[in-house]
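The values are calculated or read from the model by the stated rules, or taken from the named source; none is laboratory data. Only a predicted model underlies this, so the values are computations on that prediction, with no experimental measurement involved. Glycine also receives a Cβ, built like all others from the backbone with ideal geometry; neighbour counts cover every protein chain displayed.
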Amino acid sequence: MERTQTVTGSAAAGEFHRQQIAEHRQRRAADERFPFNAGRLTAKALSRLGVRHLFALSGGHLFPLYDGCVEQGIHIVDHRHEEAACHAAEAYAKFTRQPSVCAVTAGPG
């Protein structure tokens, strides 16, 4: 008899845990508690400053910034080397007289 109660209690605990996980995923998907992240806030600030192009070397920690840039209408120009991205951003700023930004990923060392 006690074994049946333990299994029932364990099943109830498992169901409670699954419910908590489902609620957490729903909150995160809806962005209820965390509507912004640093990437979105940075992209919004760049947009307010008149930045229309982001020259970048893609990397995992830049993805939130990319999401924010897409939402703000900032064009992302991806490069294969950090120096190329920086030179392109500088050239764009000099030729167009508009602000431009370079963002690169973390290096291997």
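So, ASP67, is that one surrounded by 13 or more Cβ atoms within 10 Å (Cβ to Cβ), among the acidic types (Asp, Glu) and at pLDDT below 90 or not? Yes.
When you check PHE55 against the structure, is it surrounded by 10 or more Cβ atoms within 10 Å (Cβ to Cβ), outside any helix (DSSP H, G or I), at pLDDT below 90 and not β-branched (Val, Ile, Thr), yes or no? Against the criterion (surrounded by 10 or more Cβ atoms within 10 Å (Cβ to Cβ), outside any helix (DSSP H, G or I), at pLDDT below 90 and not β-branched (Val, Ile, Thr)), PHE55 does not qualify. Any idea which residue in the range 82-109 is nearest to LEU65 (Cα to Cα), counting only those that are hydroxyl-bearing (Ser, Thr, Tyr) and touching a helix residue (DSSP H, G or I) at 6+ places or on another chain (Cβ under 7 Å)? Selected residue: THR105. For first residues located in the range 58-69 and among the hydrophobic types (A, V, I, L, M, F, W, C), partners that are in a helix (DSSP H, G or I) and lie 6+ apart or on another chain with Cβ distances below 7 Å form the pairs LEU65/GLY39; LEU65/THR42; LEU65/ALA43; CYS69/ALA43.
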